[in-house]
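The values are calculated or read from the model by the stated rules, or taken from the named source; none is laboratory data. The structure displayed is predicted, hence computed values, not measured ones. A quick note on method: Cβ atoms are made from the backbone with ideal geometry, for glycine too, and the neighbour counts reach across all protein chains shown.
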Amino acid sequence: MARNSDHVRENTDPEVTARIDDEIINRVRYYAPLSDAEITRHIKELDKEWDVERCLEVSASSLGLTGLILGIAHNRKWLVLTGFVLPFLLQHAVQGWCPPLTLFRRMGARTRKEIDEEKYALKVLRGDFEGASSTYSSDEVLRAGRAIQAVRT
């Protein structure tokens, strides 16, 4: 089963989701009057941004490996850490969500789809797509970016 970032949004507190969406709109508004070079720079930053899935995978594997190493080198009780983390990874693989995602979302980690929505909106502002106008309002630019993203993915 492929993981779907919509499961993450569906299981995120609506206030957190609204805050993340507002931040996307505010960044699009911020970049709207800036030069194409500035927009391009930010798009490159977005390409490097870690999504919530990657944050979870790195954190869980780091904790699991730490528990394993400490369990082997110092005290077997550390293996509990590995046994605590791995079920969360399994739950995420099966359901597309697990409890640690709540923490990552509250810290502002976004799904890949949310990051791409901002990126496509900025590309609309930059004039990358035929028929999409950079004279739209920020909300219209974001909607146009979402529409283009939906067609391309």
Could you grab the pairs with beta carbons closer than 7 Å, sequence gap of 6+ or different chains, first residue in segment 106-129 and without any contact (Cβ under 8 Å) to a residue 40 or more places away in the chain and surrounded by fewer than 20 Cβ atoms within 10 Å (Cβ to Cβ), second one part of a helix (DSSP H, G or I) and of a type outside the set (Gly, Ala, Ser)?
129/123; 129/148
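Which residue, of 66, 111, is polar (S, T, N, Q) and under 30 Å from residue 10 (Cβ atoms)?
One residue alone meets the criteria, 111.
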Looking at residue 136, is it aromatic (Phe, Trp, Tyr), surrounded by 20 or more Cβ atoms within 10 Å (Cβ to Cβ) and at pLDDT below 95?
no
Yes/no for residue 140 being among the acidic types (Asp, Glu), part of a helix (DSSP H, G or I) and under 20 Å from residue 10 (Cβ atoms):
no
Just for helices (runs of 4 or more DSSP H) wholly inside segment 41-106: which have at least 2 residues that are among the polar types (S, T, N, Q)?
52-73, 79-95
Can you find a residue in segment 70-78 that is among the charged types (D, E, K, R), more than 15 Å from residue 9 (Cβ to Cβ) and at pLDDT 95 or above?
yes
Please identify the pairs in which a residue from segment 33-47 that is without any contact (Cβ under 8 Å) to a residue 40 or more places away in the chain has its Cβ atom under 7 Å from the Cβ atom of a residue that is surrounded by 14 or more Cβ atoms within 10 Å (Cβ to Cβ), counting only partners at least 6 apart or on another chain.
38/31
